[in-house]
1. For the structure I just gave you, tell me whether THR109 is within 15 Å of LEU137 (Cα to Cα) and either of a type outside the set (Gly, Ala, Ser) or surrounded by 13 or more Cβ atoms within 10 Å (Cβ to Cβ) (or both).
2. Scanning region 11-24 for residues that are part of a helix (DSSP H, G or I) and open to solvent by 80 Å² or more (accessible area, probe 1.4 Å), which turns out nearest to TYR46 (Cα to Cα)?
3. Cβ-Cβ distance below 8 Å, separation of 6 or more or different chains: which pairs start in region 30-43 with a residue that is over 22 Å from GLU54 (Cβ atoms) and open to solvent by 50 Å² or more (accessible area, probe 1.4 Å) and end on one that is of a type in the set (D, E, K, R) and in a loop (DSSP other than H, G, I, E, B)?
4. Checking ALA8 against (1) part of a loop (DSSP other than H, G, I, E, B); (2) open to solvent by less than 50 Å² (accessible area, probe 1.4 Å), which test does it fail?
5. Any chance you could count how many residues in region 44-58 are part of a strand (DSSP E or B) and open to solvent by 50 Å² or more (accessible area, probe 1.4 Å)?
6. Are there any strands (runs of 3 or more DSSP E) wholly within region 67-142 with 3 or more residues that are out of contact with any His (no Cβ under 9 Å at 6 or more places or on another chain) and either more than 17 Å from GLY155 (Cβ to Cβ) or hydrophobic (A, V, I, L, M, F, W, C) (or both), and if so which?
7. Output the residues belonging to region 142-155 that are without any contact (Cβ under 8 Å) to a residue 40 or more places away in the chain and farther than 18 Å from ALA73 by Cα.
8. For region 72-102, enumerate the residues that are more than 17 Å from the chain's Cα centre (by Cα) and of a type in the set (Lys, Arg).
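The values are calculated or read from the model by the stated rules, or taken from the named source; none is laboratory data. Just so it is clear, the structure is predicted and the values come from calculations on it, not from any experiment. In this analysis, Cβ positions are derived from the backbone assuming ideal geometry, glycine residues included, and neighbour counts consider all displayed protein chains. Just the protein is used for accessible areas: all its heavy atoms, side chains included, with ligands, DNA and RNA removed. Shrake-Rupley method; radii C 1.70, N 1.55, O 1.52, S 1.80 Å.
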Amino acid sequence: MDPAMQAAADRIVRTYVRASDAPVAAEALVHPGTGAIKAMAASRPYGPRKARNEISYNVVADAAHGGGAGFQAGSTFKTFTLISALEQGMKLDDGLTAGAGYRAPGYATFKNCKGENIGDPTHTVTNDEGSPRWKTLRTGTWGSVNTFFMELAAGRALRDRHDGQGAGHPSRGRATAPGV
């Protein structure tokens, strides 16, 4: 832990979310590459007294490390998919057609860091924000379109691009969402 980073994390979290607020904020500062924890901050104090809005588990850690079930990263992780697409040669105006729903075609569509299949063909991802249709990297990101990012993560646009079909613009061919 880094005392200066811890103080900064505590200050920032408590500036925007107070212990008396209904939502709970949590932040972990982790050194990239090593996983060393530099700071962990939560908007509520640790303790058993619910009347004081205390919580008796670590909202920053997962269950294996004494915490709760955790929080979904939500749209934050779309950044990693966008960076990967750019690193693999896509341009900001390249894109694909994303539907209103996305369902992985099979369990092997997505893998975790251990290489294990984690795709779920029984679950449909939908859009909370943004509308489905032709999206570029730029417009899909601006609209935070879930199905667009699922297609990117599945490699659909990159496969089409490398197959010579091109996924850069509607006039050069499109990758389409499965079943849409």
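1. It is false that THR109 is within 15 Å of LEU137 (Cα to Cα) and either of a type outside the set (Gly, Ala, Ser) or surrounded by 13 or more Cβ atoms within 10 Å (Cβ to Cβ) (or both).
2. Looking only at region 11-24, we keep the residues that are part of a helix (DSSP H, G or I), and these are 11-16.
Next, only the ones that are open to solvent by 80 Å² or more (accessible area, probe 1.4 Å) stay: 11-12, 14, 16.
Working: ARG11: 16, ILE12: 18, ARG14: 14, TYR16: 18 Å.
Within region 11-24, the match that is nearest to TYR46 (Cα to Cα) is ARG14.
3. LYS38/ASP2
4. (1)
5. The initial filter retains those residues of region 44-58 that are part of a strand (DSSP E or B), namely 46, 55, 58.
Then keep just the ones that are open to solvent by 50 Å² or more (accessible area, probe 1.4 Å); that gives 46, 58.
Qualifying residue count for the region: 2.
6. 124-126
7. Narrowing region 142-155 to residues without any contact (Cβ under 8 Å) to a residue 40 or more places away in the chain: 142-143, 155.
GLY155, the sole residue that qualifies.
8. LYS91
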